[in-house]
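Working notes for the structure below.
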Amino acid sequence: MVSRAGRPTEPEGKPHWARLKTAVDLPLRLGAWYRVVAPVTALEVVVSIQGTRVSVPRPYVELRATPPGEWTVVRNPKVRPERTPQGLRQGYIVCPGCRRRVELPATRLAEQLCPHCNETFPIAWDERPRQER
């Protein structure tokens, strides 16, 4: 499990993905999954953001062993208006392929084509971040 010294909680070499569970003032986008690039400890998770290693407090992230295969839905995000296009301020979906944000579809579609990577993925409309036990 976890040591008080902050030793890894997961086997080394096992790929992991992390995303924020809640909106906090960190350079991660809510809803986007990031590759974990260092062993996970009780205190932190280190992820890669466009090739840069970023340390994130462990309590703020959800982990999974496999990369996502569906769009993540983010409703009513806390965003910086000066850095967020108008169409994304009320909500958006995040592509599991390229991790780009796209405006929420006007109707509840089963799947969506990403205009950036040109791949189609299902939309996880009812998914909720898993809570730690």
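The values are calculated or read from the model by the stated rules, or taken from the named source; none is laboratory data. A quick note: this is a predicted structure, and the numbers were derived from the prediction, not measured. Cβ: placed from backbone, ideal geometry, glycine included. Neighbour counts: every protein chain shown. Only protein heavy atoms, including side chains, enter the accessible area calculation; ligands, DNA and RNA are left aside. Shrake-Rupley method; radii C 1.70, N 1.55, O 1.52, S 1.80 Å.
Could you tell me which numbered condition Arg101 fails, if it satisfies all but one of (1) surrounded by 16 or more Cβ atoms within 10 Å (Cβ to Cβ); (2) free of Cβ contacts under 8 Å to residues at least 60 places away in the same chain?
(2)
If only one of Val73, Val56 is within 23 Å of Ala38 (Cβ to Cβ) and touching a residue at least 12 places away in the same chain (Cβ under 8 Å), which one is it? It would help to see each step written out before you state the result.
Working: Val73 fails: within 23 Å of Ala38 (Cβ to Cβ).
After ruling out the rest, the residue left standing is Val56.
Mind counting the residues in segment 115-128 that are within 23 Å of Gln50 (Cα to Cα), without any contact (Cβ under 8 Å) to a residue 40 or more places away in the chain and either of a type in the set (A, V, I, L, M, F, W, C) or not in a strand (DSSP E or B) (or both)?
The qualifying residues number 5.
So Arg100 fits all but one of (1) in contact with a His (Cβ under 6 Å, 6 or more places away or on another chain); (2) within 26 Å of Pro59 (Cβ to Cβ); what number is the exception?
(2)
Cβ-Cβ distance below 7 Å, separation of 6 or more or different chains: which pairs start in segment 1-30 with a residue that is in a strand (DSSP E or B) and end on one that is at pLDDT below 85 and open to solvent by 50 Å² or more (accessible area, probe 1.4 Å)?
Trp17/Pro67
How many residues does segment 31-43 contain that are assigned to a strand (DSSP E or B), crowded, with 17+ Cβ neighbours inside 10 Å and of a type outside the set (Ser, Thr, Tyr)?
So the first thing to find is which residues in segment 31-43 are assigned to a strand (DSSP E or B), and the list is 34-36.
Subset that is crowded, with 17+ Cβ neighbours inside 10 Å: 34, 36.
If we keep only those that are of a type outside the set (Ser, Thr, Tyr) as well, we get 36.
Qualifying residue count for the region: 1.
Specify the residue that is farthest from Thr120 (Cα to Cα); the eligible residues are those in segment 56-91 that are open to solvent by less than 50 Å² (accessible area, probe 1.4 Å) and part of a helix (DSSP H, G or I).
Checked segment 56-91; the qualifying residue farthest from Thr120 (Cα to Cα) is Arg58.
If I filter segment 104-127 down to residues being within 12 Å of Gly69 (Cα to Cα) and under 17 Å from the mean Cα position of the chain (by Cα), which single residue comes out as most open to solvent (accessible area, probe 1.4 Å)?
That would be Pro122.
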